[in-house]
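**Student:** Take this structure, written in structure tokens, and hold onto it; I'll ask about it next.
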């Protein structure tokens, strides 16, 4: 009898071992903690604290923009000191320490402050973490590695709302208590991160370790194809407001408060199921094609929300929307890695996230204002238009093959 070939048996593990696997587990637990809160936040603001769509736009816009600015700084510094792990640990620690405190707030500005601090933690950890994943992965498996990480992250986002639903429906806990209990999966994330993830050697770069961050210089250091890509990404981001507005729209289409966490779970199930295939597809068929397809899916989803008028359509559109994430998240990060020399990788991920953050604040503020002033149809139409324009420009953008700069 011929014994099975171990290399074929373990082929699916190639590219998702070591740090990639462990950081996926960390993201699973961290997102479980975060998503016990996030899908219920619009309801908490509206029903408990009495805040409206404009306040929601301010909170999410400021929070995400703060995170994105810090992602540039942490990536820039981690390149210069040749260390990633300490930044990752510190960032996760800050977020998991303050996030449960949202359950103790009594005014919406308190939520704003805590979301601001939570996003500081996200800003500190994200770019060094992504650089750590890139440095732990062979070039031909980058899409797969980032796709796996996003799939693990979304798996946590499936578990989080289910835990919240269980605590609310079965144990009759209020929203504040559920938010406080999110500390438990957060502690598990910290345990795995601290004990398992290893530092990786980084290529030395010609810069002093204590050189101050200069955004203009960081921009000019980047390869031209990368700069062009992140400018197109910025255009897309102007139409990519917080998903909290989608949850608010779903509620208006008839999805009950009790089912909102389940709807959020369904979205993340689609994200989870499509992230790894989307990353692998970008390895095989090219990053640009897969990202463009994802942006078109986004535009069609937002257009669909303009005409939706029943509960089942909300569920269907959320499932289609999940495909956008699966097609783009891993592929975008793999493309950033492809376009950037290793000694600039942290800074490149920081620049990528900065562009998203610079667009996040006006995107959420503008979407909330247009919704409140002109109606939700105009707001969703605006988001669809930005996404289609970005998809066309990306399709026309010439990009080098991986490893060619």
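**Student:** Under 1.5 on a/c is rounded, so check that first for the chain, then, if it is not, pick prolate when a/b is larger than b/c and oblate when it is not; a ≥ b ≥ c are the square roots of the alpha carbon gyration tensor eigenvalues.
**Tutor:** rounded
**Student:** Quick one: the Cα spread of the range 224-351 along its three principal axes, in angstroms, biggest first?
**Tutor:** 50, 27, 22
**Student:** Mean residue ellipticity at 222 nm from the helices of the chain, using -39,500 (n - 2.57) per DSSP H segment of n ≥ 4 over the full residue count, to the nearest 500 deg cm²/dmol?
**Tutor:** Taken over the chain, the calculation gives -25000 deg cm²/dmol.
**Student:** Could I ask something else about it? Compute the FRET efficiency between residue 194 and residue 173 as 1/(1 + (r/R0)^6), taking r as their Cβ-Cβ distance and R0 = 30 Å, and round to the nearest 0.05.
**Tutor:** Result of the calculation: an efficiency of 0.55.
**Student:** On a C-alpha basis, how far is the centre of the range 258-319 from the centre of the range 36-82 in Å? Whole number, if you could?
**Tutor:** Between the Cα centres of the range 258-319 and the range 36-82 lies a distance of 22 Å.
**Student:** First check a/c for the range 269-329, with a ≥ b ≥ c the square roots of the eigenvalues of its C-alpha gyration tensor; if it is under 1.5, answer rounded, and if not, answer prolate when a/b is larger than b/c or oblate otherwise.
**Tutor:** Oblate, since a/c reaches 1.5 and b/c is not below a/b.
**Student:** Please report the Cα spread of the range 300-405 along all three principal axes, rounded to whole Å, starting with the longest.
**Tutor:** 49, 26, 23
**Student:** Separate question: By how many degrees, between 0 and 90 and to the nearest 10, does the Cα long axis of helix 142-169 differ from the longest principal axis of the chain?
**Tutor:** 20 degrees
**Student:** At a Förster distance of 60 Å, what's the computed FRET efficiency of residue 166 paired with residue 219, Cβ-Cβ distance as r, to 0.05?
**Tutor:** With R0 = 60 Å, the Cβ-Cβ based efficiency is 0.80.
**Student:** Another question about this same structure. Round to the nearest 10 and give me the degree value, 0 to 90, for the angle of helix 224-237's Cα axis relative to the longest principal axis of the chain.
**Tutor:** Roughly 10 degrees, rounded to the nearest 10.
**Student:** Modelling each spin label as a point 7 Å along the Cα-to-Cβ direction, I'd like the residue 257/residue 13 distance in nm, to one decimal.
**Tutor:** Label-label distance for residue 257 and residue 13, simple model: 4.7 nm.
**Student:** Also, quick follow-up: Please state the shape class of the range 26-93: rounded when a/c is under 1.5, otherwise prolate if a/b exceeds b/c and oblate if not, all from the C-alpha gyration tensor.
**Tutor:** Oblate is the answer for the range 26-93, as a/c is 1.5 or above yet b/c matches or exceeds a/b.
**Student:** What's the angle, to the nearest 10 degrees (0 to 90), between helix 345-374's Cα axis and the longest principal axis of the chain?
**Tutor:** 20 degrees
**Student:** In addition: Computed FRET efficiency, Cβ-Cβ of residue 184 and residue 392, R0 41 Å: what is it to the nearest 0.05?
**Tutor:** Computed FRET efficiency for residue 184 and residue 392 comes out at 0.35.
FYI, it's all coordinate maths here, none of it is from the lab. What you are looking at is a predicted structure, and each value in this text was computed from that prediction instead of being measured. Every residue, glycine among them, receives a Cβ derived from its backbone with ideal geometry; neighbour counts consider all protein chains shown.
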